[in-house]
Amino acid sequence: MCRNCSPLSRRQILALLAAAPLVGACKPQTEGPEDIRWGRETCEICGMIISEPHYAAEVRGGPEKKLVKFDDIGDAVHWLELQDWRAQPGTEFWVMNSENGTEWLDARQAAYRTGVISPMDYGFAAVKYPASDTVDYAAMYQACLDRGLTSRCLPEAHLEG
């Protein structure tokens, strides 16, 4: 220690220790899903407020690993399809487990119930395990593309970005 410096007091040490976790919190997250502020955040495609946890989806990717949030799995599929980086290995696609509305699932590993009433009417709800009333990721993805944007979404010209 230098001659002109005084040792840190116990109070200063405790303040530094308490502030340490906050320093890490300022760093932007670059992987994994994030919490959605239900009733406050909006879907990237349709602009509607995301309020139904059981159907939410998130995509993270691109050069900056930006996270984008959606109110329906089908909206996420259509938005992702427009991204030139969609097939890159680091691209993440997360869907909420519709059985509990609290657990994020890797979209590519999830199973999808069909015929449900979802916010944008694509009719899919993600579940953790396959069952007789589910389809896999590839079938869900293609069905959303084949259906096209629902009438509740903006025209495709507004989706680029």
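The values are calculated or read from the model by the stated rules, or taken from the named source; none is laboratory data. Because the structure is predicted, anything quoted here is derived from the model rather than measured. Methodologically, a virtual Cβ is constructed for each residue, glycine included, from the backbone with ideal geometry; neighbour enumeration extends over all protein chains shown.
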(message) Can you pull out every residue in region 53-72 that is buried (at least 20 other Cβ atoms within 10 Å of the Cβ), assigned to a strand (DSSP E or B) and either out of contact with any strand residue (DSSP E or B) (no Cβ under 6 Å at 6 or more places or on another chain) or of a type in the set (Val, Ile, Thr) (or both)?
(response) Val59, Gly61
(message) What's the number of the only condition in (1) modelled with pLDDT of 95 or more; (2) within 15 Å of the chain's Cα centre (by Cα); (3) closer than 26 Å to Thr134 by Cα; (4) not in a helix (DSSP H, G or I) that Arg37 fails to meet?
(response) (3)
(message) For a quick check of your reading of the model, give me the residue pairs whose first member lies in region 28-51 and is surrounded by 19 or more Cβ atoms within 10 Å (Cβ to Cβ), whose second is of a type in the set (Ser, Thr, Tyr), with beta-carbon atoms closer than 8 Å and at least 6 apart or on different chains.
(response) Ile50/Thr42
